[in-house]
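Student: Right, I'll just put the structure down here and ask away after.
The values are calculated or read from the model by the stated rules, or taken from the named source; none is laboratory data. None of these values were measured; they are calculated from a predicted model. Note that each Cβ is placed from the backbone with ideal geometry, even for glycine, and that neighbours are counted across all protein chains shown. Accessible surface is based on the protein model in full, side chains and every heavy atom, while ligands, DNA and RNA are left aside. Shrake-Rupley method; radii C 1.70, N 1.55, O 1.52, S 1.80 Å.
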Amino acid sequence: MFPAMIHPTPVVLQAFYDDVILWPIMVGNPYRYRAALQQLENRNATAGCLLALLFLIPLAARLYSMVTLLSLAVIYVTVIVPVATGFYSAGSLFARMRSMAALMWDTEMLRYCVRRMWSFVLCLHGVYTHLDNIHTTTNQILFFLLAEKVLCPEQRMACLYCLLFYTVLAYLQRSLHTRHWSQLLNENSTADFLKLTTAFIIVRLGKGIAMSMVLLTFTLQFNHLEPTYGFVTLTFIYFLLSQYKGAAGEETYIVSSVRSLELHVLEGFEEYWIPLAIASSTVVLSAILVLEAIWQFNYLILCLIVGYANIYVCGLQVLDRYWSPFAVQRAVISLFPLATLRQMAERGDTTCPICLDDMRLFSARITPCSHIFHGQCLRKCIIQFGQCPLCKQPL
């Protein structure tokens with residue numbers, strides 16, 4: 001009894017069940033019980049020998065795909081082995097299949113199954129879209145894999161090497177960029193300060209040595225790979241865009257750099273335009289790569305997966321996380337038209353009354369009370385006060 005409880009495989013569970021059922025019936029006849037028990041042991045031994053053939057599957061991995069081998073293994077375990085060992089007969093198997101087919105032909109049952117499956121798919125879709133780190137890593141893996149298939153199909157595993165290499169560089173950049181000197185400066189005693197400083201330097205050196213060893217290992221393991229320059233350039237650009245997208249309204253280094261160019265056409269929406277452009281560019285690159293793969297009539301299944309994960313899901317995230325906040329902010333000043341050169345000349349002064357900087361074409365907005373402001377300055381005043389900064393008229 002106890003081995004069946006310790007190793008609950010389907011075959012042993014069936015033998016345990018038969019043993020429990022036969023015990024009260026055959027307790028009065030030990031000879032019949034021994035014969036039945038011997039039959040069960042022979043059946044389990046036969047099933048074990050037949051299941052041992054599954055160890056031959058790796059030998060056929062080079063001839064057939066993994067999906068085909070797994071499908072055959074499932075059919076072998078669930079149908080062939082139980083029928084061959086007598087756990088259930090072929091007639092009962094066919095009868096059960098006919099009953100299942102009759103249920104599938106039932107319209108109400110079919111609709112119910114379809115609804116349940118669709119609900120399960122939507123649940124998986126919702127969970128996948130909210131796991132940002134997993135979603136970003138999945139997008140990078142799929143894009144790199146498809147890029148390898150399209151640009152350098154003869155360089156196998158180049159996608160993995162490049163992705164690991166870029167990830168290590170990103171970790172080094174983030175590790176070196178983040179400095180925790182505040183803890184060192186808060187220490188009063190010289191001994192504690194020296195201890196913390198020494199530990200800090202050792203940790204930094206340890207990270208640098210570890211990352212150097214990782215990069216050296218990559219170089220030794222993948223020194224036979226020679227990916228094309230197009231593949232390296234495309235994957236590097238996609239990695240940067242997908243790894244450092246930023247959030248809508250967040251002031252990042254790229255946003256600050258673009259803001260320093262003083263592009264008045266953007267009207268101070270750099271913190272919304274730049275993340276929107278970066279997130280949209282990843283979708284565009286994935287779409288171009290998928291179209292190129294479809295044009296070659298290759299890797300259609302991979303194209304479908306990339307189309308879902310990198311185009312459809314990313315497109316939904318662009319609309320929800322980047323375009324919607326930008327549209328809300330833009331709607332604040334969209335009711336106020338852009339000031340023309342004539343209107344600004346009639347005013348006689350091109351200085352914004354709020355920031356005291358010069359106003360240029362496509363950067364100034366005129367209110368219903370005929371006052372002209374920078375679009376960015378007017379937006380902040382409307383959000384905070386809801387009225388004209390000069391005449392206090394509600395806007």
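Student: Could you tell me whether any residue of region 153-164 is farther than 29 Å from GLU292 by Cα, open to solvent by 70 Å² or more (accessible area, probe 1.4 Å) and among the charged types (D, E, K, R)?
Tutor: No, region 153-164 has no match at all.
Student: Just a yes or no: is a residue in region 247-269 of a type in the set (Ser, Thr, Tyr), in a helix (DSSP H, G or I), modelled with pLDDT of 80 or more and within 23 Å of the chain's Cα centre (by Cα)?
Tutor: Checking region 247-269: not a single residue is of a type in the set (Ser, Thr, Tyr), in a helix (DSSP H, G or I), modelled with pLDDT of 80 or more and within 23 Å of the chain's Cα centre (by Cα).
Student: A further question on this structure: If you scan region 104-121, which residues turn out to be assigned to a helix (DSSP H, G or I) and either in contact with a Ser or Thr (Cβ under 6 Å, 6 or more places away or on another chain) or at pLDDT below 75 (or both)?
Tutor: Result: MET104, TRP105, THR107, GLU108, MET109, LEU110.
Student: Could you grab me the full set of residues in region 150-200 that are under 36 Å from the mean Cα position of the chain (by Cα), at pLDDT below 80 and hydroxyl-bearing (Ser, Thr, Tyr)?
Tutor: Residues satisfying the conditions are TYR171, SER175, THR178, SER182.
Student: Given the conditions (1) open to solvent by 70 Å² or more (accessible area, probe 1.4 Å); (2) in a helix (DSSP H, G or I); (3) touching a residue at least 12 places away in the same chain (Cβ under 8 Å), and given that LEU289 satisfies all but one, which numbered condition is not satisfied?
Tutor: All conditions are met except number (1).
Student: Picking from ARG330, ARG347, ARG342, ARG360, which residue would you name as being touching a Lys or Arg at 6+ places or on another chain (Cβ under 9 Å) and open to solvent by 80 Å² or more (accessible area, probe 1.4 Å)?
Tutor: Result: ARG330 is the single residue among ARG330, ARG347, ARG342, ARG360 that is touching a Lys or Arg at 6+ places or on another chain (Cβ under 9 Å) and open to solvent by 80 Å² or more (accessible area, probe 1.4 Å).
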